[in-house]
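Enquirer: First the structure, which I've put down as structure tokens, then a few questions once you've had a look.
The values are calculated or read from the model by the stated rules, or taken from the named source; none is laboratory data. All values derive from a computational prediction rather than experimental measurement. Cβ sites come from the backbone with ideal geometry, for glycine too, and all protein chains shown count toward neighbours.
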Amino acid sequence: MRLVSLLILLAGFASAQTRPENGATEIQVWTAGGHSVPGGRGSIGIWNAGLRYGWVLTGPHGPGFLIGRFEYAIDAVPAYVLFQPVNTTYGAGLNPVNLKWNFATRGWLVPYLELSGGILFTGHSVPPGTSDVNFTSAAAFGTHFLGQKRTWTLEARYLHISNAGLERLNPGINTVEVRIGVGKFRGSQK
């Protein structure tokens, strides 16, 4: 047990100075990658990177183990690469809707659930033969690792990309991604 405590201390995850508290803001740089899964167009790999700015809007509320804090965030995604069988295409996106539930914990781990949505612009149609303007929706489960100077984040994300009927053909892409981020929660300016 002492060895685990020593490793946690050395990794910088002990006695975190910042937490996702009411009035705090989150700043994060992240990257994600994954591959398509059944339920849409297959054989497509995805890599993306972005910036997040979030606002923790509530104090802790909810029943029992579900108690948590609500956070709203915006993601700018300047780097999007889709590896399709026909071509590789590059793009950029914006996710203006990220609804996040940070579970209220006392330790250095803060698990969360998230639903998000946005828009993606690419140089070629995604999937091939459809549209270069698509919409994204996602559901994620992750954990913040709170450190003294920064917060690390690890999450699993289910991402759906489709043109929502802008074109006659709308097969969509479903992917599972792993996302890693580094940032911090800044306390409220009260």
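Enquirer: Within the range 94-120, how many residues are in a loop (DSSP other than H, G, I, E, B) and either under 20 Å from A49 (Cβ atoms) or not aromatic (F, W, Y) (or both)? Steps first, please.
Expert: Narrowing the range 94-120 to residues in a loop (DSSP other than H, G, I, E, B): 104-108.
This time we only want the ones that are either under 20 Å from A49 (Cβ atoms) or not aromatic (F, W, Y) (or both), so: 104-107.
Residues meeting the conditions: 4.
Enquirer: Please verify whether F103 is closer than 17 Å to T18 by Cα and hydrophobic (A, V, I, L, M, F, W, C), treating the condition exactly as stated.
Expert: So F103 fits the description; yes.
Results for (1) within 20 Å of I180 (Cα to Cα); (2) modelled with pLDDT of 95 or more, shown as yes or no for each residue.
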site	(1), (2)
L66	no, no
E71	yes, yes
P85	no, no
T105	no, no
W108	yes, no
V126	no, no
G147	yes, no
L154	yes, yes
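Yes or no, residue by residue, for (1) part of a strand (DSSP E or B); (2) in contact (Cβ under 8 Å) with a residue 40 or more places away in the chain:
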residue: T122; (1), (2): yes, yes
residue: T136; (1), (2): yes, yes
residue: L154; (1), (2): yes, no
residue: G165; (1), (2): no, no
residue: T175; (1), (2): yes, yes
residue: R179; (1), (2): yes, yes
residue: V182; (1), (2): yes, yes
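Enquirer: Filter the range 148-164 down to the residues that are more than 19 Å from the chain's Cα centre (by Cα) and buried (at least 16 other Cβ atoms within 10 Å of the Cβ) and list them by number.
Expert: N163
Enquirer: Oh, and also: Return the residue satisfying two criteria in turn: it lies in the range 178-187 and is surrounded by fewer than 17 Cβ atoms within 10 Å (Cβ to Cβ) and touching a strand residue (DSSP E or B) at 6+ places or on another chain (Cβ under 8 Å), and of such residues it is nearest to I46 (Cα to Cα).
Expert: Ranking the candidates gives V178 first.
Enquirer: Give the number of residues within the range 163-177 that are out of contact with any strand residue (DSSP E or B) (no Cβ under 6 Å at 6 or more places or on another chain) and modelled with pLDDT of 90 or more.
Expert: 0
Enquirer: Restricting the search to the range 56-74, which residues are touching a Phe, Trp or Tyr at 6+ places or on another chain (Cβ under 8 Å) and not in a helix (DSSP H, G or I)?
Expert: V56, L57, T58, I67, G68, R69, F70, E71, Y72, A73, I74 - these are the residues of the range 56-74 that are touching a Phe, Trp or Tyr at 6+ places or on another chain (Cβ under 8 Å) and not in a helix (DSSP H, G or I).
Enquirer: Shifting gears a bit: Quick one: is Y90 under 20 Å from E155 (Cα atoms), aromatic (F, W, Y) and modelled with pLDDT of 95 or more?
Expert: No: the conditions fail for Y90.
Enquirer: How many residues does the range 79-93 hold that are surrounded by fewer than 16 Cβ atoms within 10 Å (Cβ to Cβ) and either within 21 Å of W55 (Cα to Cα) or among the β-branched types (V, I, T) (or both)?
Expert: Result for the range 79-93: 3.
Enquirer: Could you check T143 against (1) under 21 Å from the mean Cα position of the chain (by Cα); (2) surrounded by fewer than 19 Cβ atoms within 10 Å (Cβ to Cβ); (3) closer than 19 Å to S36 by Cβ and say which number it fails?
Expert: Failed condition: (3).
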